[in-house]
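The values are calculated or read from the model by the stated rules, or taken from the named source; none is laboratory data. Predicted model only: the values in this text are computed from it and were never measured. Here the Cβ positions follow ideal geometry from the backbone for every residue, glycine too, while neighbour counts run over all protein chains shown.
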Amino acid sequence: MFYNDCVRQSELFSKTRREAPKDEESVNAKLLTRGGFVYKNSAGVYSFLPLGWRVLKKIADIIRGEMDAIGGQEMLMAALHDKRYLTATGRWDVGVVYKVFAGNEDEPSFNISWTHEEVIAEIAASYVNSYQDLPLAAYQIQTKFRHEPRAKSGLLRGREFLMKDLYSFHVSENDLNKYYQKVAKAYHKIFKRCGLKSIYTLAAGGEFTVSNTHEFQILADVGEDTICVCEKCEYAENKEISKLKTGDKCPKCGGAVMEKRAIEVGNIFPLGTKYSEAFNLRFTDERGEKKYVVMGSYGIGLGRTMGTAVEVFHDGRGIVWPENIAPFKAHLISINRKQKTEDRGQKIYDKLQKAGVEVLYDDREGVSAGEKFNDADLIGIPYRLVISDKTKNEIEVKRRDSDEMRTMNLEKILKLL
């Protein structure tokens, strides 16, 4: 990881807010704003402040690890696209496209990236010649721009957002299907490592492909999607395409089907040869025949994953981050009524830092214990460590998801963390 493991709260760029912003309705937007994770620039557009950026980078690290494990090669593609890319596939006039005028042009000749199927297909056409060059898989983590008419729900539906998009290239539909299932398993691992239980859901293709696709849904009452899911085997279909309804028997195992609200955090698309044909992406097979490359596309919204975690893991006091994506592992709080307590806090902070423990140190002066505890609950770091006159030579330890408090020495705490 390439960020500081330890930060003093007195030096933190952002500050907590007592009141939720009046123009936000969703829990994730309210808590992330109040906790100093994000700043809303306009509807559907957020800046990620240092705390929020740490969370996003944790999610990105998890994604990179699992994408690399299935043969994905990371790259970064251009965000400014010539009009010819989308016109080649008939997607220039799709409603979500942000079009850009160059100089004094009367008509827009570029767009800013909303997806990259066209761009990656043209790039691949320069390097794929033979069946021996396949399969291939490449991914990026990049900002996407979509003119979302319903920009709401905080990070769950934005106009500018960070996305991981993976693209795969194959000699056949059969080879694509094998990799498709490999990606599905990797996605389940990613969301599990982020603390989220994902449900593999049959869905429509939309603007990407005419065939059915799959979504990864997280059950949540605030979700915009409704899925028909088996309570026994968790086979699921998006209600938009499903003929199932509550009370029906699951077509896979016979279990009871229920309709539930959910948030889509990822999707995978079998693209076929649509984009290969548009950009002449072909390979020569073993018999010397030219064939179009079969493609797949696979997306995960990083900000949406972050927002979903907040929607799922919070209480009346604030966020309760899953450990793997929390901005820090521990929140050290010094109740410094005496100079010796402050000095001891500095020594513990130094030792935690030396041991490689990610820690946010609340060293703020003139702030009451109650305010510090409230801020700690709002920010939601997994472990709270408190030193005060009362704790003497030990440290009070409390998990964010528990009301139990224990006291222990630093050596035990280092083992715990």
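Before moving on, here are some points about what is shown:
- Only one of ARG364, ARG399 that is under 19 Å from THR16 (Cβ atoms) and of a type in the set (Lys, Arg): ARG364
- Here LEU360 qualifies as touching a residue at least 40 places away in the same chain (Cβ under 8 Å), part of a strand (DSSP E or B), within 27 Å of GLU394 (Cβ to Cβ) and within 33 Å of the chain's Cα centre (by Cα).
- The test for being farther than 30 Å from LYS99 by Cβ and among the small types (Gly, Ala, Ser) does not hold for ALA125.
- The strands (runs of 3 or more DSSP E) found entirely in the stretch 224-322 that carry 3 or more residues being surrounded by 15 or more Cβ atoms within 10 Å (Cβ to Cβ) and free of Cβ contacts under 8 Å to residues at least 60 places away in the same chain are 225-230, 236-238, 257-272.
- Candidates TRP53, TRP92: the one that is among the aromatic types (Phe, Trp, Tyr), assigned by TED's automatic domain parsing to the domain that holds GLY266 and more than 17 Å from the chain's Cα centre (by Cα) is TRP92.
- Qualifying residue in the stretch 371-393 (condition: farther than 30 Å from ILE59 by Cβ, in a loop (DSSP other than H, G, I, E, B), touching a helix residue (DSSP H, G or I) at 6+ places or on another chain (Cβ under 8 Å) and charged (D, E, K, R)): yes
- Residues of the stretch 126-162 classified as surrounded by fewer than 16 Cβ atoms within 10 Å (Cβ to Cβ) and at pLDDT 95 or above, total: 7
- Restricting attention to the stretch 185-205, the residues being outside any strand (DSSP E or B) and either in contact with a strand residue (DSSP E or B) (Cβ under 6 Å, 6 or more places away or on another chain) or at positive phi (or both) number 5.
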